[in-house]
1. Looking at Y59 and the list (1) closer than 30 Å to R80 by Cβ; (2) of a type in the set (S, T, Y); (3) at pLDDT 90 or above, which single condition is not satisfied?
2. Within segment 1-36, take every residue that is of a type in the set (K, R) and in a helix (DSSP H, G or I) and give me the one that is farthest from I71 (Cα to Cα).
3. For segment 37-85, name all the residues that are on the phi < 0 side of the Ramachandran plot, of a type outside the set (V, I, T) and not in a helix (DSSP H, G or I).
4. Condition first: surrounded by fewer than 19 Cβ atoms within 10 Å (Cβ to Cβ) and closer than 21 Å to S5 by Cβ. Now tell me which residues in segment 19-46 satisfy that.
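The values are calculated or read from the model by the stated rules, or taken from the named source; none is laboratory data. Small disclaimer: the values here were computed from a predicted structure and weren't measured. Cβ placement follows ideal geometry from the backbone for every residue including glycine, while neighbour counts extend to all protein chains displayed.
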Amino acid sequence: MIWYSILLLTYLFTIAIVFTYKAVSEKDLVKAVVYSAAQSIAYAIAYGVLMAPDILFAYLAVGIGIYPIIILYAISKTRRFEEAG
């Protein structure tokens, strides 16, 4: 049973690292926010596997709810694409 949890955590952390890399390297800022939210989902599920429901719910509220809304609002007031340079 513990091996399934370890494998699932390994998978989730790998997915989170991939989404983090994609969020950092993306030129389209809206896509970067979506990748960041996907990374937050992977971490939230990992906290669920680790039996930390309080952190899971807080991470869901902030990482998927509040943070992307604030960042998308800021992007709407500026340019969507990052300039090369």
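1. Every listed condition holds for Y59 apart from (3).
2. Result: K22.
3. L50, A52, K77, R79, R80, F81, E82, E83, A84
4. I41
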